[in-house]
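Here the structure is laid out as structure tokens; the discussion comes afterwards.
The values are calculated or read from the model by the stated rules, or taken from the named source; none is laboratory data. These numbers come from a predicted model, not from an experiment. Don't worry about glycine lacking a Cβ; one is built from the backbone with ideal geometry, like all the others, and counts go over all protein chains shown.
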Amino acid sequence: MKVLFMGTPDFAAGILKAITESKHEVTCVVTQEDKPKGRSGQPAPSPVKECAIEYGIPVFQPHSIKDREAVAELSKYEADIFVVAAYGQILSKEILDMPRYGCINTHASLLPKYRGAAPIQWAIADGEEKTGVTIMQMDEGLDTGDIMYVSEVDITNEDTGESLFNRLEEAGRSLIVEALDRIEAGDIRHVKQDEDRATYARILNKSMGEIDWSRTAVETERLIRAFTPWPGTFTHLRGKVLKILGAEVVTRQEMEGVASKEGSEYEPGCVAAVSKDAVCIATGGDYLKITRLQLEGKKKMDTAEFLKGCRIDTGERLG
């Protein structure tokens, strides 16, 4: 089939590469406008644009995909189907109805769970045991169309946003090609989403990474893994930003005989124990053992290395 592809970030670039290397032909790639990046602030192409250039595919970057000029431009490219993966703009009904097979979306969750912008991170943060990739027939809603194809992926207790992203991208690459083959053969069925089970994965920003020590250690440890590498998690130490890069949960039973006084006497955010290689912080439930961190103006380091140059006392408060 002839495919017009719409996408922007790394996840979408992997999907685009898989389609390009299959029997299907990508006639055009639509992606977001170049955005300022890094300290220079110079506009940089999206990962999808970089991939398209590598394969010699025409690139279209409208400010708004719904503009009349943009819609007219889309109609110039011969395509049987539009494939969308984290493009970042809502398509109008006119665009959805344009290709012969309509528009399909590759979404990194088990729909109807985690519709929206950041399904990978919130699945980890919420303690889900499974997630996956869903191919859906797009309609005018936000990830609300019929489910066509699904691949499940387990979430481990060690997964970060980055590691789970990599596994979902791999699943999505094989899934989209198989889905396109089956759509072309007329061998695929549509299943309505159960609206009663729908949840939304709200868009991420850096402020969400500030640790709320009143939450439990389990919740906080999951958030640290979910927000790795971006937007990251942080607290404050003596007025400076302290990024938390690695942590483990320590139960109250495990802390017995370790803390210098009764754990219940430490308020959330207070240092309950310090060893040569870790700092344990009281939370709203159990303790968080910090194993890797980065203080503002310093390099990333294990806590053992950090403590050689920075003394932290029990009872000291973070946040």
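Would you list the helices (runs of 4 or more DSSP H) that sit entirely within segment 211-319 and hold 3 or more residues that are modelled with pLDDT of 95 or more and closer than 27 Å to Glu162 by Cα? Here the list reads 217-226, 303-309. Got at least one residue in segment 128-146 being within 23 Å of Ala79 (Cβ to Cβ), in a strand (DSSP E or B) and either touching a Lys or Arg at 6+ places or on another chain (Cβ under 8 Å) or modelled with pLDDT under 95 (or both)? Looking for residues that are within 23 Å of Ala79 (Cβ to Cβ), in a strand (DSSP E or B) and either touching a Lys or Arg at 6+ places or on another chain (Cβ under 8 Å) or modelled with pLDDT under 95 (or both), one finds none in segment 128-146, hence no. When segment 106-117 is filtered for residues that are surrounded by fewer than 23 Cβ atoms within 10 Å (Cβ to Cβ) and closer than 21 Å to Thr8 by Cα, the ones remaining, listed by number, are Leu110, Arg115, Gly116, Ala117. Restricting attention to segment 134-171, the residues being of a type in the set (Lys, Arg) and either within 14 Å of Val84 (Cα to Cα) or touching a Leu at 6+ places or on another chain (Cβ under 7 Å) (or both) number 0. May I ask you to verify whether Thr156 is in a loop (DSSP other than H, G, I, E, B) and under 30 Å from Asp212 (Cα atoms)? Yes; evaluated as a whole, the condition is true for this residue.
Segment 22-121 holds strands (runs of 3 or more DSSP E) entirely within its bounds, and those carrying 3 or more residues that are over 24 Å from the mean Cα position of the chain (by Cα) and more than 24 Å from Glu152 (Cα to Cα) map to 25-30. Criterion applied to Ile90, Ile57, Ile124, Ile81 was being touching a Ser or Thr at 6+ places or on another chain (Cβ under 9 Å), touching a residue at least 12 places away in the same chain (Cβ under 8 Å) and surrounded by fewer than 23 Cβ atoms within 10 Å (Cβ to Cβ), and the one residue passing it is Ile57.
Considering only segment 274-319, how many residues are farther than 14 Å from Arg238 by Cβ and of a type in the set (A, V, I, L, M, F, W, C)? Total meeting the criteria: 10. Among the residues of segment 166-178, is any closer than 18 Å to Pro119 by Cα, in contact with a Pro (Cβ under 9 Å, 6 or more places away or on another chain), in contact (Cβ under 8 Å) with a residue 40 or more places away in the chain and of a type in the set (Asp, Glu)? No: zero hits. Name every residue in segment 121-151 that is over 18 Å from Arg189 (Cβ atoms) and among the charged types (D, E, K, R), in order of residue number. Hits for segment 121-151 are Asp126, Glu128, Glu129, Lys130, Glu140, Asp143.
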